[in-house]
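Reading through the structure tokens given below for one structure.
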Amino acid sequence: MFELSYPLILLLLPLPIAVYLWAPKVTQQHAALKVPFYHTLVNISGAAISSNGRSLLQKALALALWVMLVIAGAKPQWIGEPIPLQNEGRDIMLAVDLSGSMKAADMEYNGKLLPRVHVVKSVVADFVEQRHGDRLGLILFGDSAYLQAPLTFDRNTVKQLLEEAFLGMAGNATAIGDAIALGIKRLKDRPDAARVLILLTDGENTAGETHPLKAAELAAIAGVKIHTIGVASDLLIDDGFGFFSRSKKASADLDENTLQTIADKTGGQYFRARDTQGLAAIYAALNEIEPIEQDERVYRPVQSLMHWPLAIALLLSIVLALLRLGFGHAIKSKSSSTNTTHTGGHA
């Protein structure tokens with residue numbers, strides 16, 4: 001799309017005509033030096049006495065030169081098609097528990113009990129897909145915490161790495177404090193209002209070098225908000241084997257008090273997921289708590305066209321200068337002289 005940055009400058013276009021029509025004429029006569037042999041000098045030098053035709057041509061060139069300069073001053077430019085830009089939203093680290101207890105099949109979906117890890121992968125993948133404009137990272141933790149994906153806009157890679165994760169790859173224990181500490185390390189240098197850690201676990205802290213509550217204090221100091229999710233149903237499951245078997249709640253090992261305290265200390269919220277629908281509702285709520293950037297940002301490339309009228313103006317000024325110096329008449333006189341010589345030779 002063609003556009004002028006300063007279109008009001010075009011109002012100057014008729015200025016030369018206005019000056020010509022309304023400027024007062026020069027009436028005062030000045031004494032001039034009279035040379036009786038002026039015409040002889042003109043003929044010898046090859047200079048031309050300006051004719052009406054040349055005068056009109058020079059005026060037309062001067063007017064065209066003025067038009068080009070005014071157009072250049074208006075700064076013409078070509079604006080390209082809109083190019084969408086990646087929105088910059090929040091920086092969200094996802095910390096997912098892959099300890100051995102995540103294999104427990106107590107999460108109900110369509111009347112069936114599925115392993116916790118399968119449900120978590122599915123729901124978290126849907127959450128990742130919806131976070132347009134956010135940088136997402138993935139931490140997997142068991143005996144220790146490991147960075148599986150650094151903060152990135154590439155949601156597909158984060159989903160793929162989560163899908164490829166398997167139980168036990170990080171150990172069978174649960175290092176909640178270490179997962180938080182690693183999340184802080186990755187988020188501390190990001191913008192203040194965008195540091196979010198979502199931690200999902202089904203147990204209590206049983207490994208690692210950092211206590212969860214101490215890690216929560218460090219997160220609060222670093223400005224990292226932590227939302228915690230406890231995953232476990234209230235179903236009764238058998239614990240032990242044979243004679244020593246006993247029934248207990250599937251959520252018996254879930255340390256809800258610690259998860260609640262972590263969220264409270266950092267300005268986040270604690271959620272409890274008892275089934276697949278509940279976990280999906282939690283991530284839907286997180287989308288509202290940490291809203292996705294909705295304003296579309298676009299970039300339109302701008303190419304300046306100012307050099308074209310300036311180049312034309314330069315060319316016109318050169319032609320006008322040559323005309324004023326009598327260059328055209330000199331060429332014409334030389335051509336006439338050459339033709340005369342040739343004619344005389346033939347004679």
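With each label modelled as a point 7 angstrom along the Cα→C-beta vector, the residue 209-residue 188 pair spans 1.4 nm.
What is the calculated FRET efficiency for residue 112 to residue 217, with r their C-beta to C-beta distance and R₀ = 45 Å, to the nearest 0.05?
On the way: r = 41 Å, r/R0 = 0.92.
According to the calculation, E is roughly 0.65.
Using a simple spin-label model with pseudo-atoms 7 Å out from Cα toward Cβ, residue 59 and residue 161 lie 7.7 nm apart.
For residue 18 and residue 321 in one chain, what is 0.36 nm times their gap in residues minus the Cα-Cα distance, to one decimal in nm? Before the final figure, lay out each step's value.
Values: separation 303, 0.36 × 303 = 109.08 nm, distance 2.37 nm.
Result for the pair: 106.7 nm of gain on full extension.
In this structure the amide hydrogen of residue 5, modeled in the peptide plane, comes within under 5 Å of the amide hydrogens of 77, none closer than 5 places in sequence on its chain. What is the stretch 91-289 by shape, rounded, prolate or oblate, if you read a ≥ b ≥ c off the alpha carbon gyration tensor as root eigenvalues and call it rounded for a/c under 1.5, prolate for a/b larger than b/c, and oblate otherwise? Prolate, since a/c reaches 1.5 and a/b exceeds b/c. If one computes the Cα centroid of the stretch 196-237 and of the stretch 59-74, what distance in Å separates the two points? Each part reduced to its Cα centre gives a spacing of 72 Å. Pairs of Lys residues in the stretch 91-289, spaced 8 or more positions apart or belonging to different chains, with C-alpha separations under 15 angstrom: 9 in total. With a Förster radius of 22 Å applied to the C-beta separation of residue 5 and residue 83, the computed FRET efficiency comes to 0.65. As a proxy for reagent exposure, 258, 152 were ordered by neighbouring Cβ count within 10 angstrom, fewest first; the result is 152, 258.
With K and R counted +1 and D and E -1, the other residues having a Cβ less than 14 Å from that of residue 144 yield a net charge of -3.
Each value in this text was obtained by applying a stated rule to the coordinates, not by laboratory testing. Bear in mind that the values here come from a model prediction, so they are computed numbers and not experimental data. For neighbour counting, all protein chains shown are included, and Cβ atoms are generated from backbone atoms with ideal geometry for every residue, glycine included.
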